[in-house]
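Working notes for the structure below.
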Amino acid sequence: MSFPSWLSQLYRGLSRPIRRTTQPIWGSLYRSLVQSSQRRNPEFSSFAVRTNTCGELRSSHLGQEVTLCGWIQYRRQNTFLVLRDFHGLVQVVIPQDESAASVRKILCEAPVESVVQVSGTVISRPAGQENPKMPTGEIEIKVKTAELLNACKKLPFEIKDFMKKTEGLRLQYRYLDLRSFQMQYNLRLRSQMVMKMREYLCNLHGFVDIETPTLFKRTPGGAKEFLVPSREPGKFYSLPQSPQQFKQLLMVGGLDRYFQVARCYRDEGSRPDRQPEFTQIDIEMSFVDQTGIQSLIEGLLQYSWPNDKDPVVVPFPTVTFTEALATYGTDKPDTRFGMKIIDISDVFRNTEIGFLQDALSKPHGTVKAICIPEGAKYLKRKDIESIRKFAADHFNQCSLLGKLRLECADLLETRGMVLRDPTLFSFLWVVDFPLFLPKEENPRELESAHHPFTAPHPSDIHLLYTEPKKARSQHYDLVLNGNEIGGGSIRIHNAELQRYILATLLKEDVKMLSHLLQALDYGAPPHGGIALGLDRLICLVTGSPSIRDVIAFPKSFRGHDLMSNAPDSIPSEELKPYHIRVSWPTDSKAERAH
Ligand code: ASP
């Protein structure tokens, strides 16, 4: 059975989705991905009433009696019908003779996208009528029986008309959107990569897949959590922002190599490309150092990477946090292109140009530049003006030059220069982060740069007691094409140090973490871990414009499920067992009255 030809077939059958310019030839892409990950072809028709999939039939099947199930893709002059399933398209001949009148009626009257079952014989197409563009183009099905399994009403949008759907409509009718080639491809590729990751971690490296609770309690610091009411008055569960505490406790429990495809929840409000619930490949292991975790992740990505892409080259380059900020103006640099930030203060040391002199006379004042390759050729006067405006708007943010670098890259690309090759995957480790950052809302207080369980850099431990702001950590981030796709750290396994950081430096209520502090005192092994953001990773691999395109049922930008209308209101009667009453904001009263 030739497996994934369905993709190329389906692709030709459906209209081309809007995607970045580099979307490759899907058929070959999927074929190589699947071939790389399957020892044998899966049985696509086992346990089902069909004998074959629509996309798999070839001349080698001539004469076979088959039963197919699928959706009506289109019908031509009541003589042919094209049937589609996830595997591809096949042409079905609508019988014209009187004896087959009932079959003809079913096949001619069923609306497009109805789901039908047909049984018949695989025959060759008449000479000259083969379709070389269609993998099943040499054959067709001579139908004997047909059954309308379910009729389709008029659709809110055409399945093949990818271009015209707004995202809101796609999310409202997600189950229809999932029939599109693009969503089929994204979700199947995601499944394949996760499968390979499991194989690598569990079968090749002895990791244990362990589920951890999603009803938990608040964790101090970090992202805002979703609350779940309980029947005990005033008591709430929290949905975990990650399985961080549990995975550390598993290390204490001797499960020294843990992994989980973990659902995480963060109530961070609406931000583009974030989801209130998302998935991490969550990993923790004992007796490991930073380089051990980095090598594990490099191996994991190399192993699970789709075969048709350029192979992942390891080891990934590493920069320190300080270098990243100095060279790229961000801790998640896109290293597919240069345009590095250069310090040219020395050149202007004796300048008489007023504003430069002014800048250099300030404490830590510097003059920095970005060289835009062929800028004079590509950038127009109005581009320079927009760069100037951008700089003025973002003045005094230290991330200004990093943003400006990306802004210039955008401008160059709109003018036709290819700077960020979307087929290139540029991984980068960022290491030696500071352990603490000033709190946004009160810069005199500290917050963890990663999370409070991150161990300090071994050579900076003394700074915790003198100048904690200067202490570096054993925190590492993985960046891909300018996106943070993972982060982790070596953890504190000493209860006293953990308590000092929580209570004295971060001013957190240690009682909330007494279970963890206690566990560290009972022979906790040295340990560390990492989590990869699966949605973002798959989004980059598939070249999708949004992480919503690689999640089967995502929430909208505002965190709503547009299909079911979650979150929804609950009658006050049903809130009683939870001892909860809604205090309605005044301006929503009028709205509720309607
Ligand atoms: N739990 C961390 C996070 O979600 C990752 C880690 O430190 O392993 O960012």
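Here are the numbers for this structure:
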| item | result |
| --- | --- |
| Descending principal axes extents, the stretch 426-520, alpha-carbon based, whole Å | 42, 30, 27 |
| Kyte-Doolittle at least 0.0, axis length at least 20 Å by Cα - qualifying DSSP helices, the chain | 290-304, 400-414 |
| Considering only the chain, percent of DSSP beta bridges that pair antiparallel, nearest 5 | 90 |
| R0 of 22 Å, Cβ-Cβ distance Lys403-Ile353: FRET efficiency to nearest 0.05 | 0.35 |
| Entries in Lys164/Lys224; Lys332/Lys511; Lys133/Lys160; Lys247/Lys403; Lys340/Lys439 that, when Cα-Cα distance is taken, lie over 26 Å | Lys164/Lys224; Lys332/Lys511; Lys247/Lys403; Lys340/Lys439 |
| Label-zone membership for the stretch 117-143, site Ala100, 7 angstrom Cα→C-beta point, backbone N under 20 Å | 117-131, 136-143 |
| Given charges at Cβ of Lys, Arg, Asp, Glu: the stretch 203-349 dipole, positive-most of Ile342, Gln260, Leu300 | Gln260 |
| Kirkwood hydrodynamic radius over Cα pairs of the stretch 209-263, then Stokes diffusion coefficient at 4 °C and 1.567 mPa s, in µm²/s | 105 |
| Theoretical FRET efficiency, 1/(1+(r/R0)^6), r = Cβ-Cβ of Lys235 and Thr320, R0 35 Å, to 0.05 | 0.20 |
| Gain in span if fully extended, Ser459 to Asn41, counting 0.36 nm per residue against the direct Cα distance | 145.2 nm |
| Per residue, in Å², the accessible surface of the chain once ligands and nucleic acids are set aside, probe 1.4 Å | 51 |
| Charged-residue dipole, Cβ positions (Lys, Arg, Asp, Glu), the chain about Cα centre, Debye nearest 20 | 1420 |
| Mean separation of Cα contacts under 8 Å, 6 or more apart, over the residue count of the stretch 337-417: relative contact order % | 30 |
| Equivalent ellipsoid semi-axes - Cα gyration tensor, the stretch 299-360, angstrom | 40, 11, 8 |
| Additional length obtainable on full extension of the chain from Gln64 to Ala223, 0.36 nm per residue less Cα span | 51.3 nm |
| Heavy atoms of His475 accessible to a 1.4 Å probe, total area in Å² rounded to 10 | 10 |
| Mean residue ellipticity (222 nm) of the chain, computed from DSSP H runs ≥ 4 via -39,500 (n - 2.57), nearest 500 | -8000 deg cm²/dmol |
| Partners for Lys165 among lysines (Cα-Cα distance below 21 Å; same-chain residues under 8 apart left out) | Lys153, Lys154, Lys555 |
| Hydrodynamic radius (Kirkwood) for the stretch 144-202, which is based on Cα pairs only, to one decimal in Å | 14.1 |
| Rg/Rg_ref, the stretch 83-195, where Rg_ref = 2.2 N^0.38 Å and atoms are Cα | 1.27 |
| Tyr522/Thr366 FRET efficiency (R0 35 Å; Cβ-Cβ; nearest 0.05) | 0.10 |
| Label-to-label distance, nm, for residues given as Leu255 and Ser345 (7 Å Cα→Cβ offset) | 5.1 |
| For the chain, radius of gyration divided by Kirkwood radius, i.e. Rg to Rh on alpha-carbons | 1.03 |
| Heavy atoms of Glu573 accessible to a 1.4 Å probe, total area in Å² rounded to 10 | 120 |
| Carbon/sulfur fraction of accessible area - the chain, other protein chains in place, 1.4 Å, % | 54 |
| Spherically averaged projected area in nm², based on the convex hull that wraps the Cα atoms of the stretch 337-417 | 5.8 |
| The stretch 444-594: relative contact order as a whole-number percent, Cα under 8 Å and 6+ apart | 16 |
| Where N is the number of residues in the stretch 502-594, Cα Rg divided by 2.2 N^0.38 Å | 1.79 |
| Extension gain from Glu147 to Phe553, taking 0.36 nm per residue of separation minus the Cα-Cα distance | 143.1 nm |
| Directionally averaged projected area (convex hull, Cα atoms, the stretch 194-341), nm² | 12.1 |
| Globularity index of the stretch 65-149, i.e. its alpha-carbon radius of gyration over 2.2 N^0.38 Å | 0.99 |
| Percent RCO, i.e. relative contact order, over the chain, from Cα pairs under 8 Å lying at least 6 residues apart | 13 |
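The values are calculated or read from the model by the stated rules, or taken from the named source; none is laboratory data. Because the structure is a prediction, the values reported are computed rather than measured. Reconstructed Cβ throughout: ideal geometry from the backbone, glycine too, with neighbour counts over all protein chains shown. SASA here: full protein model, heavy atoms, side chains in, ligands and nucleic acids out. Shrake-Rupley method; radii C 1.70, N 1.55, O 1.52, S 1.80 Å.
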